[in-house]
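This report concerns only the one structure given below.
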Amino acid sequence: MKIQVLGTGCAKCKTLTANAEKAVQELGSDATVEKVEDVREIMKFGVMSTPALVVDGKVMTAGKVPTPDQIKKLLGA
Amino acid sequence: MTDANSLVPRETASASARPGSGLGTRIAALLAGSAAIWIALYFTIEPGSRLLTHRLLGLGAETHLGAAVAFFLFEAPKVLLLLVAVVFGVGIVRSFFTPERTRALLAGRRESIGNVLASLLGVVTPFCSCSAVPLFLGFVEVGIPLGVTLSFLISAPMVNEVALVLLLGLFGWKVAALYLSTGLLIAIVAGWVLGRLRLERWVESWVYESMKQSATYQAERLGFTERVGCGATAVREIVGKVWPYVLAGIAVGAFIHGFVPEGLMAGIMGKQAWWSVPLAVVIGVPMYSNAAGIIPVVQALLGKGAALGTVLAFMMSVIGLSLPEMIILRKVLRPQLIATFVGIVAVGILAVGWLFNAVL
């Protein structure tokens, strides 16, 4: 599983990345967490509010910071 | 301070839960309970602050320290309570307006109507200056005119709920309404003028290259419970961030209130000093998140002879024209366009400042 965090480097984006990493760790999943900071790359996902959470190419949330527990649910655990 | 999440405004308490949803009913009950506590607290502030200052601390109303302490004990809880209530309400309203929805509403509008609509939507659409660039690109992508997009980008930060609460709490509803309407007017007019100037050549050229989308985002539908959650999140994020500034600002304001002699500021920030408005704008632009702490200080100065127009101009330049946002927008806009943008908005702010100093 591939998790991407879209964000241009603001404080919220860092929190979301940390939350995603925590969720993956707690699940013991082998998913990778990758940050996407280039605006052009971000726009390809069709989101207008950052930070956004993408799982396997699908945008799950945009413009908010879900908690590690919420992310676990989004990951289907 | 009381836990922010347990305080919920009365405005939303009457919202009804979906029938048959147990969680919704429980949340509605929680809201009603919080609203009752909120109202009780709100009406305790005035007698409570007097009792505390004069009886318990034994400070006379006529002493410098007494005046300062009474001011702080009255204003600080009042502003914080209003802040929690309004931010919660705005958080719920904003859950109805995602940027994607706003974009759909603006797509295909003519310029003049578009400017008005964009400015109004700027108030209710959740916006963080950190996502100014994706938002700008998203608007351009569907062909929304540059001037209309800029109207949105002026109004979104300028008409800000925290500023409105502080103005409402410290200056009264008339000043808050003036701020809201003149802020919208500046966004509409400045965006329209910028649109007329045909500045597309000063947008970074890659912006107009079509970007192939690999995914689309469809915001999930929210129910009553989720929207209440949005309100609570807004309170946690916004009130959680600004309360130290607000308290510090009210503390400084209290000091000025008690110790600075009447009329001292009239020479510097009074109506007669025409240059006070441009000075307020110049000082205001580089300031940003600490805006919340500055308003109470300015309010105290106003009591010592500063003019209202100067205060409005200062407020608008602090939150409407922020340096960090300009730096972020530099990714998509050339410096010439940013300078023109700042210049035109600044002229609008100056006009508002001078106008109110002249008529009030």
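Bear in mind these aren't lab numbers, they're just calculated from the coordinates by the rules spelled out. Since the model is a prediction, treat every value here as computed from it, not as a measurement. Please note: Cβ atoms are built from the backbone with ideal geometry, for glycine as well, and neighbour counts cover all protein chains shown.
Sort B:SER34, B:SER276 so that the residue with the fewest other Cβ atoms within 10 Å of its own Cβ comes first and the one with the most comes last.
Going from least to most buried by this count: B:SER34, B:SER276.
Could you work out how far the C-alpha centroid of region B:98-164 sits from that of region A:10-77, in angstrom?
25
Taking a cut-off of 32 Å, what percent of all Cα-Cα pairs in chain B are separated by more than that?
When every Cα pair of chain B is considered, 38 percent fall beyond 32 Å.
What does the structure give for B:132-140 when I average, per residue, the other chain Cβ atoms found within 10 Å of the residue Cβ?
5
Over all distinct Cα pairs, what is the inverse of the mean 1/r for the protein assembly as shown, reported as the Kirkwood hydrodynamic radius in Å?
After inverting the mean inverse Cα-Cα distance, the result is 23.3 Å.
Rank B:ALA163, B:ALA104, B:ALA76 by mean-square fluctuation in a GNM of chain B with C-alpha springs under 10 angstrom and give only the top-ranked residue.
Sorting by GNM fluctuation, first place goes to B:ALA104.
Got a sec to turn the phi values of region B:133-138 into Karplus ³J(HN,Hα) couplings, 6.51 cos²θ - 1.76 cosθ + 1.60 with θ = phi - 60°, whole Hz, x for Gly and Pro?
Couplings: 6, x, 5, 4, 5, x Hz.
Using θ = phi - 60° and the Karplus relation 6.51 cos²θ - 1.76 cosθ + 1.60, list the HN-Hα couplings for region A:12-25 in order, rounded to whole Hz, with x at every Gly or Pro.
My calculation for region A:12-25 gives 5, 5, 5, 4, 5, 4, 4, 4, 5, 5, 5, 4, 5, 4 Hz in order.
Could you identify which residue out of B:SER317, B:SER205, B:SER151 has the top mean-square fluctuation in a GNM of chain B using Cα springs shorter than 10 Å?
B:SER205
Can you report the principal axis dimensions of region B:153-249 using only the alpha carbons, biggest first, rounded to whole angstrom?
Reported extents, whole Å, longest axis first: 47, 36, 26.
Once you've got the Cα coordinates, tell me which of A:LYS14/B:LYS78; A:LYS64/B:LYS174; A:LYS2/A:LYS64; A:LYS64/B:LYS331; B:LYS174/B:LYS331; A:LYS2/B:LYS241 are over 29 Å apart.
A:LYS14/B:LYS78; A:LYS64/B:LYS174; B:LYS174/B:LYS331; A:LYS2/B:LYS241
So how do B:156-162, A:5-11 stack up, highest first, on mean other-Cβ count within 10 Å?
B:156-162, A:5-11
From the C-alpha coordinates alone, can you work out the Kirkwood hydrodynamic radius of region A:2-74, in Å?
11.8
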